[in-house]
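Engineer: The structure under discussion is supplied below as structure tokens; questions concerning it will follow.
The values are calculated or read from the model by the stated rules, or taken from the named source; none is laboratory data. Note that the structure is predicted; figures quoted are calculated from it, not measured. Cβ: placed from backbone, ideal geometry, glycine included. Neighbour counts: every protein chain shown. Side chains are part of the model used for accessible areas, which takes the heavy atoms of the whole protein and leaves out ligands, DNA and RNA. Shrake-Rupley method; radii C 1.70, N 1.55, O 1.52, S 1.80 Å.
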Amino acid sequence: MNSIVNFNKPYLTGKETTYIEQAVQSMKISGDGMFTKKCHAFFQEKYGFKKCLLTTSCTDALEMAALLINIEPGDEVIMPSFTFVSTANAFVLRGAKIVFADSMPDHPNMDVSLIEALITPKTKAIVPVHYAGVACDMGPIMELAEKYNLFVIEDAAQAIDSYYKGRVLGSIGHLAAFSFHETKNVISGEGGMLVINDQRFIQRAEIIREKGTNRSKFFRGEVDKYGWVDIGSSFLPSDIIAAFLFAQLENIDKIQAKRIEIWDAYYKGLESLGLEGKLGLQLMPTYATNNAHMFFLVLKNQEERDALISFLKARNIHSVFHYLSLHKSDFYQEKHDGRILANCDRYANNLLRLPFFYELSKEQIDNIVESIKSFFSE
Ligand SMILES: *Cc1c(COP(=O)(O)O)cnc(C)c1O
């Protein structure tokens, strides 16, 4: 029997505990300490993001975005139904109505050609989700935003180090949210980041993140006392979390190179099954790069997908399905306007994700590929 191949295994670069020790020794372990500043600077320098603010999660970064664009009860927000609950919840918390758009026929990302028909006078924002780290077609989305005066918030939770027509994801919308959850490419356990590309939001983002106070200004010496100036909450992580994250960031190029190697090995191994029409492999739009966040397959139907999961499980390989359609969820189905989102439902039923992590070995990949081949030949 082969040893168990889990779906995910967090990768440690080796420096995490060293930096955490340094953060602890510095006796400044609340938010916005030395390592938080290092992380902000790293992102702003490497990717040219205008302003970065670490948050306790991507969920929190999305909630900050909803606060920043002043979502009010009755406002409408357009987003894919094939996404994580937090994408929607962040706006629902502020009273928004979610208008779900279907996925593309050949990729789980939102079908941009459907968006304009969903825009009403109440629409306030579009939230594209870069599924598997693959860019949504941002050009037409930004044009619609301009035409109808809407905000664009990129859910870039999975999209670190990925590009759309040469522009890094997270830098295109007015705001963007990243995740450093242990299942993502670069991790801090729990953790996230808000990226602010529109200058107008920078000052208020700092205030909302610091419980509605102008404390950030105070620490920079720009005001001589700080107080309550707006609504807000506590969205900033401890510097201990940032210390962990910084160790990861120092190795981001190495992490990405290795993940792309793994992705390519899977693709090469499974390409023939794709060509034979036995399964769907991930399509890369010409405008997108691959950040190797995920390797997924699309099977013919749910029965076959579930059978493959069981088949692999019997061989100690843990593959998993992904999102259930949000428009059909217990919480939202009554609120959804009834449109059928067939592509979204198809990905909910037929998509399968293979084990994917830094330390996945060539032998393990070969074993997984061979197992999938024997599933189809039996
Ligand atoms: C992981 C993920 C989130 C949530 O990230 P957290 O950091 O766990 O809050 C949100 N949206 C998408 C698309 C994700 O993949």
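Engineer: Testing Leu297 on (1) open to solvent by 60 Å² or more (accessible area, probe 1.4 Å); (2) among the aliphatic types (A, V, I, L, M); (3) touching a residue at least 24 places away in the same chain (Cβ under 8 Å), one condition comes back false. Which one is that?
Structural biologist: (1)
Engineer: Shifting gears a bit: Under the condition of being assigned to a strand (DSSP E or B) and open to solvent by less than 10 Å² (accessible area, probe 1.4 Å), which residue from segment 169-179 is farthest from the ligand (Cβ to nearest atom)?
Structural biologist: Across segment 169-179, the extreme among qualifying residues is Leu175.
Engineer: Looking at Asp137, Asp161, which one is open to solvent by 30 Å² or more (accessible area, probe 1.4 Å), of a type outside the set (Gly, Ala, Ser), within 16 Å of the ligand (Cβ to nearest atom) and touching a helix residue (DSSP H, G or I) at 6+ places or on another chain (Cβ under 6 Å)?
Structural biologist: Asp161
Engineer: Could I ask something else about it? For segment 204-233, enumerate the residues that are touching a residue at least 24 places away in the same chain (Cβ under 8 Å) and in contact with a helix residue (DSSP H, G or I) (Cβ under 9 Å, 6 or more places away or on another chain).
Structural biologist: Arg204, Ala205, Glu206, Ile207, Ile208, Arg209, Glu210, Ser216, Asp230, Ile231, Gly232, Ser233
Engineer: Okay, moving on. Look through Leu93, Leu67, Leu62, Leu54 and report the one residue that is under 23 Å from the mean Cα position of the chain (by Cα), over 26 Å from His293 (Cα atoms) and within 15 Å of the ligand (Cβ to nearest atom).
Structural biologist: One residue alone meets the criteria, Leu93.
Engineer: Suppose we filter Glu271, Glu261 for residues that are free of Cβ contacts under 8 Å to residues at least 60 places away in the same chain, within 22 Å of the chain's Cα centre (by Cα) and surrounded by fewer than 17 Cβ atoms within 10 Å (Cβ to Cβ); which single one remains?
Structural biologist: Details: Glu271 fails: within 22 Å of the chain's Cα centre (by Cα).
Matching residue, one of Glu271, Glu261: Glu261.
Engineer: Considering Thr56, Thr36, which residue is at pLDDT 95 or above, open to solvent by 20 Å² or more (accessible area, probe 1.4 Å) and hydroxyl-bearing (Ser, Thr, Tyr)?
Structural biologist: Selected residue: Thr56, the only one of Thr56, Thr36 that is at pLDDT 95 or above, open to solvent by 20 Å² or more (accessible area, probe 1.4 Å) and hydroxyl-bearing (Ser, Thr, Tyr).
Engineer: Among what's in segment 187-219 and is within 23 Å of Tyr287 (Cβ to Cβ) and surrounded by fewer than 23 Cβ atoms within 10 Å (Cβ to Cβ), pick the residue that is farthest from the chain's Cα centre (by Cα).
Structural biologist: Filtering segment 187-219 for residues that are within 23 Å of Tyr287 (Cβ to Cβ) and surrounded by fewer than 23 Cβ atoms within 10 Å (Cβ to Cβ), the one farthest from the chain's Cα centre (by Cα) comes out as Asp198.
Engineer: Another question, then. Quick check: anything in segment 191-202 touching a Gly at 6+ places or on another chain (Cβ under 6 Å) and assigned by TED's automatic domain parsing to the domain that holds Pro108?
Structural biologist: Within segment 191-202, the first condition is being touching a Gly at 6+ places or on another chain (Cβ under 6 Å), and the residues that meet it are 195.
Restricting the remaining residues to those that are assigned by TED's automatic domain parsing to the domain that holds Pro108 gives 195.
Checked segment 191-202: at least one residue is touching a Gly at 6+ places or on another chain (Cβ under 6 Å) and assigned by TED's automatic domain parsing to the domain that holds Pro108.
Engineer: Scan segment 239-254 and give yes if some residue there is crowded, with 21+ Cβ neighbours inside 10 Å and of a type in the set (Phe, Trp, Tyr), otherwise no.
Structural biologist: yes
Engineer: Still on this structure, please answer the following. Quick one: what pairs do we get from segment 98-110, first residue closer than 12 Å to Met284 by Cα, second at pLDDT 95 or above, C-beta under 6 Å, 6+ apart or different chains?
Structural biologist: Sorted first by the residue in segment 98-110, then by its partner, the pairs are Pro108/Phe82; Pro108/Tyr131; Pro108/Tyr347; Asn109/Tyr131; Asn109/Cys136.
Engineer: To continue, here is another question. Hey, among Lys46, Lys28, which residue is open to solvent by 50 Å² or more (accessible area, probe 1.4 Å) and either modelled with pLDDT of 95 or more or within 13 Å of the ligand (Cβ to nearest atom) (or both)?
Structural biologist: Numbers: Lys28 fails: either modelled with pLDDT of 95 or more or within 13 Å of the ligand (Cβ to nearest atom) (or both).
Result: Lys46 is the single residue among Lys46, Lys28 that is open to solvent by 50 Å² or more (accessible area, probe 1.4 Å) and either modelled with pLDDT of 95 or more or within 13 Å of the ligand (Cβ to nearest atom) (or both).
Engineer: Take the residues in segment 70-84 that are touching a helix residue (DSSP H, G or I) at 6+ places or on another chain (Cβ under 9 Å) and away from the ligand (no atom under 12 Å from the Cβ); name whichever of them is nearest to Ala348 (Cα to Cα).
Structural biologist: Taking the candidates together, the pick is Ser81.
Engineer: Could you please let me know if Leu351 is in contact with a Pro (Cβ under 9 Å, 6 or more places away or on another chain) and either under 25 Å from Glu182 (Cβ atoms) or outside the structural domain of Ala156 (by TED's automatic domain parsing) (or both)? Show your work before the answer.
Structural biologist: Numbers: in contact with a Pro (Cβ under 9 Å, 6 or more places away or on another chain): yes; either under 25 Å from Glu182 (Cβ atoms) or outside the structural domain of Ala156 (by TED's automatic domain parsing) (or both): yes.
It is true that Leu351 is in contact with a Pro (Cβ under 9 Å, 6 or more places away or on another chain) and either under 25 Å from Glu182 (Cβ atoms) or outside the structural domain of Ala156 (by TED's automatic domain parsing) (or both).
Engineer: Right, next: Give me the residue from segment 180-210 that is among the polar types (S, T, N, Q) and within 12 Å of Lys51 (Cα to Cα) and, out of that set, nearest to the ligand (Cβ to nearest atom).
Structural biologist: Asn197
Engineer: Checking the condition part of a helix (DSSP H, G or I) and either touching a residue at least 40 places away in the same chain (Cβ under 8 Å) or in contact with a Pro (Cβ under 7 Å, 6 or more places away or on another chain) (or both), which residue from Ile153, Ile141 passes? Working first, answer last.
Structural biologist: Details: Ile153 fails: part of a helix (DSSP H, G or I).
Residue meeting the stated conditions: Ile141.
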